[in-house]
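Working notes, beginning with the structure itself.
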Protein chains: 6
Amino acid sequence: MFSVEVRNRMMIAHSLPDPFFGPAQNLHGATFVVDVAFFREELTEQNVVVDIGAALDVLGKTLAPLGYQNLDALPQFKGQLTTTEFLCKYVFDRIADAARSGALGGDGKTLSRIRVTLSETDLARASYEGPIGG
Amino acid sequence: MFSVEVRNRMMIAHSLPDPFFGPAQNLHGATFVVDVAFFREELTEQNVVVDIGAALDVLGKTLAPLGYQNLDALPQFKGQLTTTEFLCKYVFDRIADAARSGALGGDGKTLSRIRVTLSETDLARASYEGPIGG
Amino acid sequence: MFSVEVRNRMMIAHSLPDPFFGPAQNLHGATFVVDVAFFREELTEQNVVVDIGAALDVLGKTLAPLGYQNLDALPQFKGQLTTTEFLCKYVFDRIADAARSGALGGDGKTLSRIRVTLSETDLARASYEGPIGG
Amino acid sequence: MFSVEVRNRMMIAHSLPDPFFGPAQNLHGATFVVDVAFFREELTEQNVVVDIGAALDVLGKTLAPLGYQNLDALPQFKGQLTTTEFLCKYVFDRIADAARSGALGGDGKTLSRIRVTLSETDLARASYEGPIGG
Amino acid sequence: MFSVEVRNRMMIAHSLPDPFFGPAQNLHGATFVVDVAFFREELTEQNVVVDIGAALDVLGKTLAPLGYQNLDALPQFKGQLTTTEFLCKYVFDRIADAARSGALGGDGKTLSRIRVTLSETDLARASYEGPIGG
Amino acid sequence: MFSVEVRNRMMIAHSLPDPFFGPAQNLHGATFVVDVAFFREELTEQNVVVDIGAALDVLGKTLAPLGYQNLDALPQFKGQLTTTEFLCKYVFDRIADAARSGALGGDGKTLSRIRVTLSETDLARASYEGPIGG
């Protein structure tokens, strides 16, 4: 199995309003360093998993509406606990949509899996990995 | 599949008394940077894999009896070659026990897998990954 | 010149309400990885610059009131643009106070300089370095 | 499943002569930081996956013919697009050959899988993982 | 003294045609991760050393003509040994010019110092630091 | 001012037998990642601060007698508290001797300064910087 993994980042505010989260119930924030890995069994005709430039471009466009935002105020997150894990899945769904729609080039439609990792500090990170099919 | 991974560290002395290990047969030591990843198919009601605070707490308590110790002198390692790989499994077993006993919260009992990675230098690391079931 | 540098981190929300900052005028947030370096010309009787444990403890206590907070709502930052640079100096002043007051041990009073570095993303960081005297 | 992962690096020139690659069609170059992970279900008699020293040695010998070279001029790459993904598989094949031939010691013949990761910048990397059997 | 440091990267080919360089006399290449630190005694009215966005923009424009190039073929490097150290100074001169010309904003003209660091592998890097005045 | 910085590492056991060090009074150990920076005002005829290969070689030879050792048992450290800071100075003195003796090449004799940094964990490191003259 081959993979290619690319990186971007976003700085957001949010709160986690459930007693489970202790001090993180407060409005606070995070820098999320976001790594997206694309998996493919066999390389394309150009010997790639996916065009790295296109992958970086799709990732940048995916994160742009979230960067420098308070996630608590965004309609798509209303009523959601925007944990690091949840955000991994949110980014995964958008990247998988982009892949299936051809935004990663024609070969992007035939990727097998995607993994999204969000590092929230030097000590903690989360990921979601799943098949691209939809 | 979702994951959450947390980090801690320990500084220990040990020797590897088998000719296989060449100069590492000597009493020497290591800083092990320890990463523990927890895996779960679906998030809990709070949109998490596991409480990161509880995970860091359990990891800290797991490493505390080893930190600043000479592993050669600890009864639990008597007659064992305490390689990095062996220590990964040792930490894994303790973390899995803690998960099954509820030390990670009730949802910790239903984690699917755990992976423990020990980095011994900037050039080498080992890991053990397995199901939590016991 | 000798130095010792220790690390901690904090997750905060804030806004930078000046048109100079473009999208960062919005309420957003950051993970700041905080490194504090202590400098001394000659080592103490114990061959140290400063007790690393005490340094980590003082750093943790310095960051605790800021962690999981919205800096815009804290009285000490009222009317201030809480840029990364500004926060470096804010942390510096508290650590220098702690050193002069003996919180780093008696030898902490005779440190020559301190440098505080806050990394806000994988691509950008700021620092403040100055003499401890005061 | 246990793993051990070791690191080395190489500095090479190459071009990617296909319009797909945009500016990377030019003769340019890269530092590839190369991580090779070895996987085994059960540890050997010495409690290892593989001898780390032997693994580092095999990796060094694998990269030596490529280091400080223009890949476009090497006969083994004639007519190939030497993408990062392609090079992962190239290194994988050589390491797997070495394992099967006993260059990693007798236990190296019974490894289950190998994963080769090449990081080309701080923002992008590729990998190939597969069974060692051949 | 305050600083702000930003990062970018470039992938280039070159050779070092002097027997001093051993195998690096060959045409080979490198990924250079480029960090540029800006120093200022006192913060500006907006509590910054320099606008991070402007700094990243100037750095990107400085590296663009070098990225994906064979430095041996560029007229500005004719007859030069393009060592990592030399390239640090080359980038420094262009960034310092940009600062003095106002490309970093009006406050960029009054920076005190700049430091450029190029990391060529995980094991080696070079830097040049100097006053901006000129 | 130009610099070049190179990296190596060593794994050692030691104890710090003074009540000041709390649990680190025990026999324990560390992986020290060792970075050595060489400083020079003007580049040599080959546009370098120092030959990186020679620098790596000198660093490797400096650390070799310490690697896989119990520092408590080495005669050169008898009666010394082998703190990270102390070891920085110890490595500095050996590297400076090598430079003055020509082991870094003729140009190594005219370096201005050297800085040695030992990272003991992901959270703590020490350094010593001084002039090479002697």
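The values are calculated or read from the model by the stated rules, or taken from the named source; none is laboratory data. Predicted model only: the values in this text are computed from it and were never measured. No Cβ is skipped: glycine too gets one built from the backbone with ideal geometry, and neighbour counts run over all protein chains shown. Areas reflect the complete protein model, heavy atoms only, side chains present, ligands, DNA and RNA absent. Shrake-Rupley method; radii C 1.70, N 1.55, O 1.52, S 1.80 Å.
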For the protein assembly as shown, report the % of Cα-Cα distances exceeding 46 Å. 19
List the distances, in nm and shortest first, from the label point of D:G133 to the matching label points in every other copy, placing each point 7 Å from Cα along the Cα-to-Cβ direction. 2.3, 2.4, 6.9, 7.3, 7.4
Which of the residue pairs B:K78/C:K61; A:K109/D:K61; D:K78/E:K78; A:K78/C:K78; A:K78/B:K61; B:K89/D:K109 have a Cα-Cα distance greater than 31 Å in the structure shown? B:K78/C:K61; A:K109/D:K61; A:K78/B:K61
Lys/Arg Cβ at +1, Asp/Glu Cβ at -1, dipole of the range C:21-123 taken about the Cα centre: which of C:A64, C:F77, C:Y90 is farthest positive-ward? C:F77
Once the label point is set 7 Å along the Cα-to-beta-carbon vector, what list of distances in nm do you get between B:D18 and its counterparts in the other copies? 4.0, 4.5, 4.5, 5.0, 6.3
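What size of dipole, in debye to the nearest 20, comes out for chain E about its Cα centre when the only charges are +1 on Lys and Arg C-beta atoms and -1 on Asp and Glu C-beta atoms?
240
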Tilt of helix A:84-100 relative to the longest C-alpha principal axis of chain A, in degrees (0 to 90, nearest 10)? 30
Can you pull the one-decimal nm distance between simple spin-label points at A:Q76 and A:S101, each 7 Å off the Cα toward Cβ? 1.0
Kindly provide log₁₀ I(q)/I(0) values, in the same order as q = 0.20, 0.23, 0.24 Å⁻¹, from the Debye equation applied to equal alpha-carbon scatterers of the range C:1-97. -0.97, -1.19, -1.27
Chain D Cβ-axis minimum, rotational copy F, residue and distance in Å: D:R7, 6
For the range B:10-16, in residue order, the Karplus 3J(HN,Hα) values (coefficients 6.51, -1.76, 1.60; θ = phi - 60°; whole Hz; Gly and Pro = x) are 8, 10, 9, 9, 5, 10, 10
Nothing charged except the Cβ atoms of Lys and Arg (+1) and of Asp and Glu (-1): what's the magnitude of the dipole of the protein assembly as shown about its Cα centre? Round to the nearest 20 debye. 0
Ordering A:K89, D:K61 by the accessible surface of their heavy atoms, 1.4 Å probe, largest first, yields D:K61, A:K89
Taking every C-alpha to C-alpha distance in the range E:52-109 and binning by 5 Å from 0, the per-bin percentages run 4, 18, 25, 24, 14, 10, 5, 0
Per residue of the range D:121-130, what does 6.51 cos²θ - 1.76 cosθ + 1.60 with θ = phi - 60° give for ³J(HN,Hα)? Whole Hz please, x for Gly and Pro, Karplus curve as stated. 8, 5, 10, 8, 8, 9, 8, 9, 10, x
Placing a label point 7 Å from Cα toward Cβ, how far apart in nm is F:S101 from its equivalents in the other copies, listed shortest first to one decimal? 3.9, 5.0, 5.0, 5.5, 6.7
Using only Cα atoms, find the angle between the long axis of helix F:52-63 and the longest principal axis of chain F, and express it within 0 to 90 degrees, rounded to the nearest 10. 30
Relative contact order (%) - criterion: Cα under 8 Å, at least six apart; region: chain B: 29
Dipole-positive endmost among F:G108, F:A126, F:N26 within chain F (Cβ charges, Cα centre): F:N26
So, R0 is 45 Å and r is the distance between the beta-carbons of C:D18 and B:E42; what FRET efficiency does that work out to, to 0.05? 0.55
Two pseudo-spin positions, 7 Å from Cα along C-beta at A:Q25 and at B:K61, lie apart in nanometres by 2.3
